[in-house]
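Below is one structure; the comments refer to it alone.
The values are calculated or read from the model by the stated rules, or taken from the named source; none is laboratory data. None of these values were measured; they are calculated from a predicted model. Reconstructed Cβ throughout: ideal geometry from the backbone, glycine too, with neighbour counts over all protein chains shown. All accessible areas refer to the heavy atoms of the entire protein, side chains included, with ligands and DNA or RNA removed. Shrake-Rupley method; radii C 1.70, N 1.55, O 1.52, S 1.80 Å.
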Amino acid sequence: MATKIKSLTQCAAWKALATHHKQIQKLHLRKLFAKDPKRGQRFIAEAAGLFLDYSKNRITDKTLKLLLQLAKESNLRGKIDAMFSGKKINVTENRAVLHVALREPKGASILVDGKNVVSEVHAVLDKMAEFSNRVRSGEWKGFTGKHIKNIINIGIGGSDLGPVMAYEALKHYSERNLTFRFVSNVDGIDFVEATHDLDPTETLFIISSKTFTTLETMTNARSARDWLLAKFSGDVKAVAKHFVAVSTNAEKVSAFGIDTANMFVFWDWVGGRYSMDSAIGLSTMLAIGPTNYRAMLTGFHELDEHFRTTSFENNLPVLMALLSIWNTDFLGAETVAVLPYEQYLKRFPAYLQQLTMESNGKHVTLDGKKVDYQTSPVYWGEPGTNGQHSFYQLIHQGTRLIPCDFIAFGQALTKLGRHHDILMANVFAQAEALAFGKTAEEVKAEGTADSLVPHRVFEGNRPSNTILAEKLTPEMLGKLVALYEHSVFTQGAIWNIDSFDQWGVELGKVLAQRIVPELESKTVPKLKHDSSTNNLIRCYRKLKSAK
Ligand code: F6P
């Protein structure tokens, strides 16, 4: 995808957007809505059962036109086609980017180095389904012949966040007789707390790691093996019944002592943060069963097809990406709050943090030139309505502009009295309050004392998207994740960066490997770091041996 287009800020559409921004920066959403009573019905898009209202963004028809022009000038269409056809668009790692192949239906074909990867995907899916059915039915037994009751996924980053998020999101559909836990942190407490009340004879570990070299995961995996073997007096034959692996690295899996017959593979063209629907989703399939898992893949695919084939003005991920670029690069927003009004999506913001920021947190273009514009904003969030009683104050009245994505559903998965209507009233109210606020006149008219008026004014003009769908099903989760995946892709394509590498995580990993022996050494190590790091290491060594 090495590009011949000129620097982004030199594109005609970018320059036009900069001029346009100067002209409309004082416009208020109150005015925009007053001028156009149909605005709330015009700035919307709908596809695959997802409804997007983006009318509460600080845009006009012209803004949208220019943003669409920017997409065109950035060769977004060509870049989408390059991804879907298996071109090696991850240029710094010379890899194809084909998470979309993971949800292609049987019989489809995408070639990578002359091989049809879709048939390989389905072979793994079938193997996962067979294994899941055996565990769920009790046919797969532990070393002593007991049923498996507990499943622990050990992984980190993309090998953890997707599985945890999906497990929580789809709990309603999960097998409640099985206990699922997720261990990611190298802080031993994560492992200890996940296992303290479990019986090893009934526990299955899934060691999930694309590389099978990640320090945290391998450290936890070794502790898991020790924990298990302690129960079986060190009999390593137990490992085969209690450990399976998900990885691209058969050699390392085997070296760890897991039979590759118990390994579920994926491929280097699946990025870690795009892997929740690869074999990395094994824990998800074990929880919700193969049929629900396939429904989730169908949802992903439906959104893929929408993204691939729909004109940009009606294309949900493209619209969301363009609005994010507008908010980030022209309005100066530095973060995006993702606010699901659905408790099952409580881990969705954490999942999105890796997807968005590991993908688009980049400072150079594809050809290595330093960018002269902002790339990924910081993503964060919490489920509503909890956030309303903590950080929403800053969104409403703070000094920063924080665009919000509200996500909500027409139906609760379990109805409970008036709860869902109250929940939904809150999501609509928040978006309304953020956009329109409350003027000093309105505050005064309520009889507020003059001294309090400034404190009670809400400026409004805070942008938000509202995403609505009927209910949170496995299929809908697939659509929602694909929506953000493709929005991230579109932003990266326009910023002309490599959204699929992650060199920024390397330096810390290398330094940590150097420091570990300095902390563990029995003799006082010769330290060659900066004076602060040297001092902290000395301090830690003292603290750890304090009586
Ligand atoms: O360190 C970052 C990272 O490489 C992520 O991109 C990845 O999802 C995570 O670590 C885990 O990697 P692995 O699956 O190879 O253990």
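A few notes on this one:
- Yes/no for GLY492 being within 16 Å of the ligand (Cβ to nearest atom), within 25 Å of the chain's Cα centre (by Cα) and open to solvent by 40 Å² or more (accessible area, probe 1.4 Å): no
- The set of residues in segment 426-451 that are open to solvent by 60 Å² or more (accessible area, probe 1.4 Å), more than 21 Å from PRO340 (Cα to Cα) and in a helix (DSSP H, G or I) comprises GLU441, GLU442, LYS444, ALA445, ASP450, SER451.
- Those residues of segment 267-296 which are over 16 Å from the mean Cα position of the chain (by Cα) and either under 26 Å from LEU229 (Cβ atoms) or surrounded by fewer than 21 Cβ atoms within 10 Å (Cβ to Cβ) (or both), in sequence order: ASP268, ALA279, LEU282, SER283, LEU286, GLY289, PRO290, THR291, ASN292, ARG294, ALA295
- When LYS471 is tested against (1) under 30 Å from LEU345 (Cα atoms); (2) open to solvent by less than 60 Å² (accessible area, probe 1.4 Å); (3) in a loop (DSSP other than H, G, I, E, B), only condition (2) is not met.
- Any chance GLY142 is out of contact with any Gly (no Cβ under 6 Å at 6 or more places or on another chain), buried (at least 17 other Cβ atoms within 10 Å of the Cβ), small (Gly, Ala, Ser) and closer than 19 Å to GLU302 by Cα: no
- Single condition GLY107 does not satisfy, out of (1) in a loop (DSSP other than H, G, I, E, B); (2) touching a helix residue (DSSP H, G or I) at 6+ places or on another chain (Cβ under 7 Å); (3) not aromatic (Phe, Trp, Tyr): (2)
- In segment 1-98, counting only helices (runs of 4 or more DSSP H) that sit wholly within it, the ones holding 3 or more residues that are touching a Lys or Arg at 6+ places or on another chain (Cβ under 9 Å) and within 30 Å of TYR274 (Cβ to Cβ) span 76-84.
- Within segment 341-364, being within 13 Å of the ligand (Cβ to nearest atom) and over 12 Å from the mean Cα position of the chain (by Cα) holds for one residue alone: GLY361.
- Number of positions in segment 181-222 that are open to solvent by 20 Å² or more (accessible area, probe 1.4 Å) and either away from the ligand (no atom under 15 Å from the Cβ) or among the charged types (D, E, K, R) (or both): 15
- Pairs are defined by a Cβ separation below 9 Å, a sequence spacing of at least 6 or placement on different chains, a first member in segment 40-61 that is without any contact (Cβ under 8 Å) to a residue 12 or more places away in the chain, and a second member that is open to solvent by 50 Å² or more (accessible area, probe 1.4 Å) and basic (Lys, Arg); the pairs so defined are ASP61/ARG42.
- If you go through segment 160-170 and pick out every residue that is away from the ligand (no atom under 16 Å from the Cβ) and closer than 22 Å to PHE191 by Cα, you end up with 2.
- Those residues of segment 176-214 which are part of a helix (DSSP H, G or I), in contact with a strand residue (DSSP E or B) (Cβ under 9 Å, 6 or more places away or on another chain) and farther than 20 Å from ILE258 by Cβ, in sequence order: ASP190, GLU193
- Elements of type helices (runs of 4 or more DSSP H) contained in segment 223-325, each with 1 or more residues being away from the ligand (no atom under 16 Å from the Cβ) and either of a type in the set (Phe, Trp, Tyr) or in contact (Cβ under 8 Å) with a residue 40 or more places away in the chain (or both): 239-242, 282-309, 316-325
- Summed over segment 223-235, the residues that are surrounded by fewer than 16 Cβ atoms within 10 Å (Cβ to Cβ) and closer than 16 Å to LYS141 by Cα give a count of 0.
- From LEU111, LEU178, LEU98, residue being surrounded by 19 or more Cβ atoms within 10 Å (Cβ to Cβ) and either more than 16 Å from the ligand (Cβ to nearest atom) or not basic (Lys, Arg) (or both): LEU98
- When each of ALA13, ALA48 is tested for being of a type outside the set (Val, Ile, Thr), open to solvent by less than 30 Å² (accessible area, probe 1.4 Å), closer than 23 Å to ILE467 by Cα and out of contact with any strand residue (DSSP E or B) (no Cβ under 6 Å at 6 or more places or on another chain), the lone residue that passes is ALA48.
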